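No lab work stands behind these numbers, since they all come straight from the coordinates. Everything numeric in this text was worked out from a predicted model, so none of it was measured. Every residue, glycine as well, gets a Cβ built from its backbone with ideal geometry; the counts of neighbours run over all protein chains shown.
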Amino acid sequence: MMAPASPRREILVSLLGLGVVGSGIASVLQSKKSLFASLVGCPLVLRRALVRDPGKPRLIPNSFITTNPEDILGDRATDIVVEVMGEEHPALEYVQQAISAEKHVVTANKEIMAKHGPDLLKLASQKEVQLLFEASVGAGIPIIAPLQRDLLGNNIASIRAIINGTTNYILTKMANEGQDFATALRQAQELGYAEANPANDVEGHDAAYKLAILATLAFRTKVYPSDIHCEGITRLAPKDFRYAQEFGYAIKLLAIGRKSNGAVQVTVYPALVPRDEIIAKVDGVFNAIEIKGDLSGPVLFHGMGAGSLPTTSAVLGDVISIARNIAAGARPAPWLGMDHGLNIKPVTQLQTRCYLRLLVADRPGVLAQIAHILGDRQISIASVIQKDADPKEGTAEIVIMTHPSLEAAIQDALVRLNELAVVKKVASFLRVEST
Ligand SMILES: NC(=O)c1ccc[n+]([C@@H]2O[C@H](COP(=O)([O-])OP(=O)(O)OC[C@H]3O[C@@H](n4cnc5c(N)ncnc54)[C@H](OP(=O)(O)O)[C@@H]3O)[C@@H](O)[C@H]2O)c1
């Protein structure tokens, strides 16, 4: 029988970073201290916080603030290090150092977990400490813990997620108000939903980091951001939203992971989603993640994917869970492992329906030439609609929806269509999502 743990007087938490999220954590540790003490069995106390600029006004007394990482990483008394600095370096090195010093770590950092998660988790397991990262995907939405606990009995077939609030806000504005991309982005920036440099969000990289984390956990195989085929939303036009609506679809930036025949396909791209699906109704800065397990069936997690308090909620859930284990003298369970070793299927092997908007010469026989190029590549047309004609330019716009076809064939057809003299421009190509 294990000897009972000697009771702890307190559990000490130090923060690497005291910005939007770090300040939320520091203030809630104070405002909910009695609740946390009753949950943990002893007080959960802020020990120290690392910042870059000591001159900034802070909510906590200066005596807690340091600019020297060694004051936390080399501090024997700190039990739990919370990394809320962001970016890859030096956050990665600090997290490695904290784990190596046998401290438990909680991080909200999607970039380090996406690029180095499997190695960090292995290191934590070797050092018999916990590394938890609930806030790294979907902020306040519980998704990492369910994947590592509640859904473990499932064989997970797919993940479909809207996991970037900035792009979902922009797409919602474009759909509902007919705004163009630049206007919707500007408004998102004015409201603080988009960064001054929005590339990481609008090019889909932020969603790819989060998908790498989800896919690694769901499929128990290592999936890195570089494995993910990633397209952003910058090329979408208001017309596409109008036509998509006429066909009964919304346009969403989807992060998708699917497992089949011993391989995983991971993609981030804007797609047409049938409007009657719940995920098509996730609007504004909200996020949603749908997981399909063989036992659970489809389950959907929905909520605030950013913001100081939602992120604080996820970080503190992890901190309290670790603190309860420390107080109980419990050793962390061994690492689950991500050793299924599945192959990553290239996007060229994707089977997808697609939506094409073409600007063509307004004369007879054009459609036959287009149908010929598609037909030669086994791409069958589900419907064709002629939209706005421009008599002055002698052009017409046609929208084609196809049946499921091979991505490689579609890409080849797009090249050939662009070469046709009667096609002025392939104005838009989007994949059509179906369940
Ligand atoms: N904000 C959200 O809604 C949200 C949601 C989910 C996840 N996250 C993740 O949470 C993390 C923190 O985000 P945030 O929005 O709180 O960022 P933030 O407001 O920019 O805060 C970053 C903090 O880290 C400090 N810091 C940065 N680099 C440092 C360095 N090299 N040395 C010492 N201190 C350094 C900064 O110091 P100064 O104060 O001196 O500048 C600041 O206090 C990121 O990984 C982010 O992706 C954020």
### Query
Label points 7 Å out from Cα along the Cβ direction at residue 418 and residue 324: separation in nm?
5.5
### Query
What's the Cα-based Rg to Rh of the range 259-371, Rh via Kirkwood?
1.14
### Message
I want to verify a result. In a Gaussian network model of the chain, Cα cutoff 10 Å, which of these has the top mean-square fluctuation: 54, 142, 364?
### Response
364
### Query
If the convex hull of the alpha-carbon atoms of the range 329-435 is projected onto planes in all directions, what is the mean projected area in square nanometres?
10.9
### Ranked list, fewest to most other Cβ atoms within 10 Å of each Cβ, for 260, 63, 158
63, 260, 158
### Summary
Output for the range 105-161: trypsin sites (Lys or Arg not before Pro) sitting in coil per DSSP, at most 15 other Cβ within 10 Å, listed by number, reads 149
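Based on the Cα gyration tensor of the range 161-234, what are the three equivalent ellipsoid semi-axes, each the root of five times an eigenvalue, rounded to whole Å and given largest first?
Computed over the range 161-234, the values are 27, 11, 10 Å.
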### Message
With a cut-off of 8 Å between alpha carbons and a minimum separation of six or more residues, what is the relative contact order of the chain in percent?
### Response
16
### Message
Please list, by residue number, everything in the range 370-392 whose backbone N is under 20 Å from a paramagnetic label point 7 Å out along Cα→Cβ of residue 363.
### Response
370-373, 386-392
### Query
If one takes the longest principal axis of the Cα atoms in the chain, at what angle in degrees, from 0 to 90 and to the nearest 10, does the Cα axis of helix 366-376 lie?
60
### Query
Using θ = phi - 60° and the Karplus form 6.51 cos²θ - 1.76 cosθ + 1.60, what ³J(HN,Hα) does each residue of the range 234-241 get, whole Hz, x for Gly and Pro?
5, 8, 6, 10, x, 4, 4, 5
### Message
Using a 7 Å offset from the Cα along the Cα-to-Cβ direction at both residue 42 and residue 176, what is the distance between the two label points in nm, to one decimal?
### Response
4.9
### Message
What's the longest uninterrupted piece of the chain once you rule out the GluC sites (Glu not before Pro) that are loop residues per DSSP with at most 13 other Cβ within 10 Å?
### Response
129-392
### Summary
Residues whose modelled amide H sits under 5 Å from the amide H of residue 382, counting only those 5 or more places away in sequence or on another chain, are 401, 402, 403
### Message
How many angstrom lie between the Cα centre of the range 259-279 and the Cα centre of the range 198-231?
### Response
13
### Message
If you fit an axis through the alpha-carbon atoms of helix 181-190 and take the longest principal axis of the Cα set of the chain, what angle between them do you get, 0 to 90°, nearest 10?
### Response
20
### Query
How long are the three semi-axes of the equivalent ellipsoid of the range 145-304, in whole Å, if each is the root of 5 times an eigenvalue of the C-alpha gyration tensor, listed from largest down?
27, 17, 14
### Query
Per Stokes-Einstein, at 20 °C and 1.002 mPa s, what whole-number D in µm² s⁻¹ belongs to the range 13-146, with the Kirkwood radius over Cα pairs as the hydrodynamic radius?
141
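Calculated FRET efficiency, residue 278 and residue 425, Cβ-Cβ r, R0 35 Å, to nearest 0.05?
0.50
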### Crossing angle, helix 407-419 versus the chain [Cα axis fit, 0-90 degrees, rounded to tens]
50
### Query
Do any trypsin sites (Lys or Arg not before Pro) in the range 202-279 lie in a DSSP loop with no more than 14 other beta carbon atoms within 10 Å, and if so, which?
235, 275
#### Entry: Distance between the range 294-356 and the range 376-410 - C-alpha centres, whole angstrom
39
### Task
Rounded to the nearest 0.05, what FRET efficiency do residue 335 and residue 392 give with R0 = 45 Å and r taken as the Cβ-Cβ distance? Could you check?
0.10
### Message
Please report the antiparallel percentage of DSSP beta bridges with both residues in the chain, rounded to the nearest 5.
### Response
70
### Message
On a full-extension model of 0.36 nm per residue, what is the gain between residue 101 and residue 299, subtracting their alpha-carbon distance, rounded to one decimal in nm?
### Response
67.4 nm
### Computed helical MRE - 222 nm, the chain, DSSP H runs ≥ 4 contributing -39500 (n - 2.57), nearest 500
-10500 deg cm²/dmol
### Task
Starting from the Cα gyration tensor of the chain, multiply each eigenvalue by 5, take the square root, and state the resulting semi-axes largest first in whole Å.
47, 23, 17
### Query
Say we join alpha carbon atoms closer than 10 Å with springs in a Gaussian network model of the chain; which of 171, 59, 46 then has the biggest fluctuation?
59
